[in-house]
Amino acid sequence: MSDHNRNAIPPRAPMRAGGPMGGGGPMGAMGRAVEKPKNFRETFGRLLGRLKPFQVRLTAVFALAILSTLFTIGAPQVVREAMNKMQDSFMAKAVLTKMEALQLQLKSNMTNTTPAKMPSSAQLKAIKEFMALPLLKDVTDSAEKARLTRVMLDSLAQLKDLLPASADGKTPDAKTGGMSFTQQQVDDTMRAIGATGGHFDFAYLGILVGLLAALYLISALFTLSMQLVMAGVAQNLVSKMRIEVNAKLDRLPLKFFDSRTHGEVLSRVTNDIDTIANTLQQSLTQIITSVISIIGYIIMMLTISWSLTLFVLATLPLYVVATVVIAKNSQKYFAAQQKELGNLSSHVEEMYTGHKVVKAFGREQDSIDHFEAVNNRLYDSGWKAQFISGVMFPAMNFVSNLGYVLISVVGGMGITQNWLKIGDITAFIQYARNFTMPIVQTANIANIIQSTVACAERVFEILDEVEEDQQPGLEFSHKTSQPSGAQRSLVRDSVVIEHMSFRYKAEEPLIEDMNLRVEPGHTVAIVGPTGAGKTTLVNLLMRFYELDSGKILLGGKDVHELRRTELRQHFGMVLQDTWLFEGTIHDNIAYGKLGATEAQIVAAAQAAHADHFIRTLPEGYKTVLSEEASNLSQGQKQLLTIARAILADPDILILDEATSSVDTRTEVLIRKAMETLMAERTSFVIAHRLSTIRDAELILVMDKGRIVEQGTHEGLLAQEGFYAQLYRSQFAAPAEA
């Protein structure tokens, strides 16, 4: 169809895998080559500007994210309190049990045994005080137990040299009832006894467990609410972007699509917008939670032990080094993997679409060999990329375990020296283990944001493209009604081209100083070799492109003064490449006229000689066409497009190689349908089969963008020129036969 192969289907652009995280290993986008935008600041500002209508909801998202994170950060503190409470109860019970037994033993000994030496007056006083003390096992008040225990320890400290040796020959430590504690530990034990009385407060522990569950539940609810609100924001934003992009694509000139592959445009409309949505929905909230988590974890660790916190912070450079080294080495393999994945997808698509040709020429083995070669390269780069990026977590776990060892050793010393408790070290280990993840997430999100801004930049490039109609007073319109009687008068006169020149590229001339006059109701055939400018002429008539110079007059009026939608309402097109959408045959025919009745649709199908084959189908007009209408033959599809054009009832008809891909019998039906369609209409027919245009009132012979000959079929043959050569090249062999 096209002189410049503009309608050739490009190879499919490879999909960017895995959404914003990119997939490919446990660290996702961390190891991948990061796409960078051309203008980060401007594009990022535009993207933020689109979030302004959602300020209230975004504020709610920020608040929910902060609250969710704070509740999560506070949970280890509850665990810390529970563990410390259990430790205090255990220590208090152990000391009280020991002291109760020692008290009974010493009272019995002092009553029934004579001391080895005479006690001093101070010791006699201490003995009297000790003997006067009530039994610990009979005291119920915790504070009183603590007071009595301290008095007993002080009394026993004075009686140490009077105490009898134990069975092993050693004198017990009267200060602590046989247990060796520092003064700080003794004081802490007394406080524990006063707080617990040597009993496990299961009611209090139950409250702490309930509080812990409530914290996690509330955090989960806040997270769920945050995700719901953010999902609404993200989907609303990208929905509006999709609507804008779709509307923009409707307003873009044909040259935009001619200069870009289908895959590139589809990638911007689908992949890039999906990446923006995923980033907004996931990464934006992760930024908030990660930053709050980092700050919160540091504060909480400092409240437990500043020295242990320094050990944790000292491991951060190791994380950075491991991340940078591994990411740098894996990026080149990820780039190779994406390249080979694109090559493999392209090969599979080519082989799938051309499998009949492959089988016809017996090239299956060549196809398999090529596939295996590409697949092996993909395997080689893929496993290296995945392996190296997969090393990320083990390396970080190794660094994390180093920190864990330091915390355990120093924390254990702190517990033995009583400046840390078991609950403290338990909570600290939780914070330390969780501390690295938000740091990694923040670094990862920085890469994701760059890729997302690059995606947004590509989408904004489409939205910033110059539209077809931006002249004053010629706004784009979606009007689809048929031309009025006054509008039809435009095409009852001739179509005139005056000194028209056009170039796709400034340095490559195509049409130069063309002049043409077509009388109303005449059929004009346009013939010539590929690249002569035949389809370009039609595109210029419909203003898919603007002229470089000259003018086209329709009914004496310059088409440049008409809205494009108004101009194109006068035209109907039947192309070589049929276009039918997935839907019923009824809907595909009705596409030609808004609000067409059932009778009009059937009448159009009958006029196009399509009614018979439609009624032979199981569902008739309600038959649903599959993808690319593969359940119909090429000729049947062409008849449907002609029926659609008949229903549209255009004033000017354009037929572009409408019979070039069908068999002879179907061609006869199509030609009959076309004769019905062309009756009393100005028609432009592009044809390579010269036998189909013998009856045209005017034949234009084009070569290299110029009209080299024009006239009727007989007149051009008589001239023995370029047309005669084309004609004889098609019919010489049959004539000789």
Open item on the list: Give me the residue from the stretch 561-591 that is in contact with a Ser or Thr (Cβ under 8 Å, 6 or more places away or on another chain) and not in a loop (DSSP other than H, G, I, E, B) and, out of that set, nearest to ALA645 (Cα to Cα).
Closed with: VAL574
Open item on the list: The conditions are (1) outside the structural domain of LYS505 (by TED's automatic domain parsing); (2) surrounded by fewer than 18 Cβ atoms within 10 Å (Cβ to Cβ), and GLU561 fails exactly one of them. Which is it?
Closed with: (1)
TODO: Taking the residues in the stretch 244-274 that are farther than 22 Å from ALA234 by Cα and among the basic types (Lys, Arg) as candidates, determine which candidate is nearest to the chain's Cα centre (by Cα).
DONE: ARG260
Task: ASN271 vs. criteria in a helix (DSSP H, G or I), surrounded by 15 or more Cβ atoms within 10 Å (Cβ to Cβ), at pLDDT 85 or above and not hydrophobic (A, V, I, L, M, F, W, C) - done: no
Task: Of all residues in the stretch 199-217 being touching a residue at least 60 places away in the same chain (Cβ under 8 Å) and assigned to a helix (DSSP H, G or I), the one that is nearest to the chain's Cα centre (by Cα) - done: TYR216
TODO: Go through the stretch 499-537 and give me each residue that's under 43 Å from the mean Cα position of the chain (by Cα), outside any loop (DSSP other than H, G, I, E, B) and surrounded by fewer than 21 Cβ atoms within 10 Å (Cβ to Cβ).
DONE: LYS505, GLU508
TODO: Kindly indicate whether any position in the stretch 672-679 is in a loop (DSSP other than H, G, I, E, B) and at pLDDT 80 or above.
DONE: no
Open item on the list: Against the condition surrounded by 19 or more Cβ atoms within 10 Å (Cβ to Cβ) and among the acidic types (Asp, Glu), how does ASP258 come out, does it pass?
Closed with: no
Open item on the list: Testing ALA174 on (1) crowded, with 16+ Cβ neighbours inside 10 Å; (2) modelled with pLDDT of 75 or more, one condition comes back false. Which one is that?
Closed with: (2)
Open item on the list: Among the residues that make up the stretch 593-616, is at least one of them in contact with an Asp or Glu (Cβ under 8 Å, 6 or more places away or on another chain) and part of a strand (DSSP E or B)?
Closed with: no
Task: Qualifying residue in the stretch 681-692 (condition: among the charged types (D, E, K, R), at pLDDT below 80 and within 18 Å of GLY592 (Cα to Cα)) - done: yes
Task: Test set (1) within 26 Å of ASP258 (Cβ to Cβ); (2) touching a His at 6+ places or on another chain (Cβ under 9 Å); (3) polar (S, T, N, Q) - GLN606 fails condition number - done: (1)
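Which of the residues that make up the stretch 243-263 are out of contact with any Pro (no Cβ under 8 Å at 6 or more places or on another chain), closer than 27 Å to SER346 by Cα and in a helix (DSSP H, G or I)?
As a first pass, look at the stretch 243-263 and keep what is out of contact with any Pro (no Cβ under 8 Å at 6 or more places or on another chain): 243-260.
When the remaining residues are screened for being closer than 27 Å to SER346 by Cα, the result is 245-246, 249, 254-260.
VAL245, ASN246, LEU249, LEU254, LYS255, PHE256, PHE257, ASP258, listed by residue number.
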- [ ] For VAL495, indicate whether it is at pLDDT 75 or above, under 51 Å from the mean Cα position of the chain (by Cα), aliphatic (A, V, I, L, M) and crowded, with 16+ Cβ neighbours inside 10 Å.
- [x] yes
Open item on the list: Looking at SER381 and the list (1) on the phi > 0 side of the Ramachandran plot; (2) assigned to a helix (DSSP H, G or I), which single condition is not satisfied?
Closed with: (1)
Task: Meets criteria (without any contact (Cβ under 8 Å) to a residue 40 or more places away in the chain, within 30 Å of VAL409 (Cβ to Cβ), assigned to a helix (DSSP H, G or I) and not polar (S, T, N, Q)) for VAL324 - done: yes
Open item on the list: Residue pairs, Cβ under 6 Å, 6 or more apart or interchain, first in the stretch 544-567 and touching a residue at least 12 places away in the same chain (Cβ under 8 Å), second among the hydroxyl-bearing types (Ser, Thr, Tyr) and surrounded by 15 or more Cβ atoms within 10 Å (Cβ to Cβ). List them.
Closed with: ASP548/SER501; SER549/SER501; GLY550/SER501
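The values are calculated or read from the model by the stated rules, or taken from the named source; none is laboratory data. The model shown is predicted, which means the values in this text are computed figures rather than measured ones. Neighbour counts run over all protein chains shown; Cβ positions are idealised from the backbone, glycine included.
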